[in-house]
Amino acid sequence: MRTFKYHFLFVIIFSFSLFGKDKVKELYEKGKYDQAIDKYNQIIEKHPDWPELHFGKGAALYKKGNLEEALKEFEKSIANKDPEKKAAALYNAGNALMQKQRFKAAMEFYKRSLEVNPDDYDAKYNFELARHRLQQKQQQKKNNQQNQQNQDKKQNQKQQNQKQQKNKQEQDQKKKQQNNQNQQKQQPSQQKKQQQNKNQSSKSKQEEMKKSEKQRAVRILNALKEQEKKMMKKRMKAKHSGSKKEKDW
């Protein structure tokens, strides 16, 4: 990309021999712009319609960096009927606007200057420079807008994600609370069921114990009966054996 530079062409017209031409020129060349401006103001009070006076004052204001006031003075000097001086006033107005980064307006003044003086290389150069700077500014603005849109999109996405996460957390918390409530409701029923199961188990054990004891008693009773039968048999056998007699023929 080509490196651009500014060209400032100040055609300061000092043709006021009756009003201290040499003094004003000396003040300007020594950089005493405030004093030069005061001198111009004194002369302008007497000749407010002289374009050359406004041109010179505008140049001093420009050197001071007072671009807005300089631009006003250059615009007043455009009324000069001399084509060369008119073109210079338009050119300097364009330069003031360039310094203020008002590139589109600067292009208009350079264009008008070239219409008066088509051979002015500096005006042509600065016109292209202003157009290039304008394109850069527009592109930068476009880039900034795109970056802002991207940032807004990211921010919106971030906020949406945070919202979704918050909703999920709230839902999870609500679900957890609901589960706790359900557990609390179910807990007495479970405890009751456990107690019933426990009671049922205890009852079953008691019944089994009773049944076992009954069976044992039956077995003992049967054993006693059996033992009594055996003893009765022995007694009967012994009785019959002791009472037997021989036949007497």
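The values are calculated or read from the model by the stated rules, or taken from the named source; none is laboratory data. Note that the structure is a prediction, hence the values are computed from the model and not measured. All Cβ positions, glycine included, derive from the backbone under ideal geometry; neighbour counts span all protein chains shown.
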Just to check your reading of the model, which residue among 46, 32, 39, 57 is in contact with a Phe, Trp or Tyr (Cβ under 6 Å, 6 or more places away or on another chain), at pLDDT 90 or above and either buried (at least 17 other Cβ atoms within 10 Å of the Cβ) or more than 25 Å from residue 113 (Cα to Cα) (or both)? 57
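Yes or no, residue by residue, for (1) under 30 Å from residue 138 (Cβ atoms); (2) in contact with a strand residue (DSSP E or B) (Cβ under 7 Å, 6 or more places away or on another chain); (3) small (Gly, Ala, Ser):
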| position | (1), (2), (3) |
| --- | --- |
| 44 | no, no, no |
| 49 | no, no, no |
| 57 | no, no, no |
| 69 | yes, no, no |
| 88 | yes, no, yes |
| 99 | yes, no, no |
| 103 | yes, no, no |
| 106 | yes, no, yes |
Of the residues in the range 93-117, those that are more than 19 Å from residue 56 (Cβ to Cβ), touching a helix residue (DSSP H, G or I) at 6+ places or on another chain (Cβ under 6 Å) and of a type in the set (S, T, N, Q) come to 117
Name the pairs whose Cβ atoms lie under 9 Å apart, with the first residue in the range 101-113 and charged (D, E, K, R), the second assigned to a loop (DSSP other than H, G, I, E, B) and surrounded by 20 or more Cβ atoms within 10 Å (Cβ to Cβ), and 6 or more positions between them or separate chains? 112/78
Matching entry among 141, 111 (being over 17 Å from residue 86 (Cβ atoms) and assigned to a helix (DSSP H, G or I)): 141
Selection count, the range 114-123, where residues are part of a helix (DSSP H, G or I) and either at pLDDT below 95 or under 35 Å from the mean Cα position of the chain (by Cα) (or both): 3
The conditions are (1) at pLDDT 90 or above; (2) farther than 30 Å from residue 93 by Cβ, and residue 139 fails exactly one of them. Which is it? (2)
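Could you identify the single residue in 81, 85, 72, 32 that is over 25 Å from residue 121 (Cα atoms), charged (D, E, K, R) and out of contact with any His (no Cβ under 6 Å at 6 or more places or on another chain)?
The conditions single out 32.
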Give all pairs with beta carbons closer than 6 Å in which a residue from the range 138-150 that is within 20 Å of residue 101 (Cβ to Cβ) meets a residue that is surrounded by 10 or more Cβ atoms within 10 Å (Cβ to Cβ) and among the hydroxyl-bearing types (Ser, Thr, Tyr); count only pairs at least 6 apart in sequence or on separate chains. none
From 68, 84, residue being at pLDDT 95 or above, under 30 Å from residue 131 (Cβ atoms), part of a helix (DSSP H, G or I) and of a type in the set (D, E, K, R): 68
Taking the condition of being more than 18 Å from residue 62 (Cα to Cα) and crowded, with 24+ Cβ neighbours inside 10 Å, how many residues in the range 118-131 meet it? 1
Residue in the range 71-81 that is nearest to residue 99 (Cα to Cα), counting only those that are hydrophobic (A, V, I, L, M, F, W, C) and assigned to a helix (DSSP H, G or I): 71
Among the residues of the range 127-137, is there at least one that is free of Cβ contacts under 8 Å to residues at least 12 places away in the same chain and farther than 16 Å from residue 101 by Cα? no
Show the residue pairs meeting these rules: Cβ distance below 8 Å; 6+ apart or different chains; first residue within the range 80-99 and hydroxyl-bearing (Ser, Thr, Tyr); second residue crowded, with 24+ Cβ neighbours inside 10 Å. 91/109; 91/110; 91/113; 91/123; 91/126
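Take residue 191 and decide whether it is under 46 Å from the mean Cα position of the chain (by Cα) and part of a helix (DSSP H, G or I).
So residue 191 does not fit the description; no.
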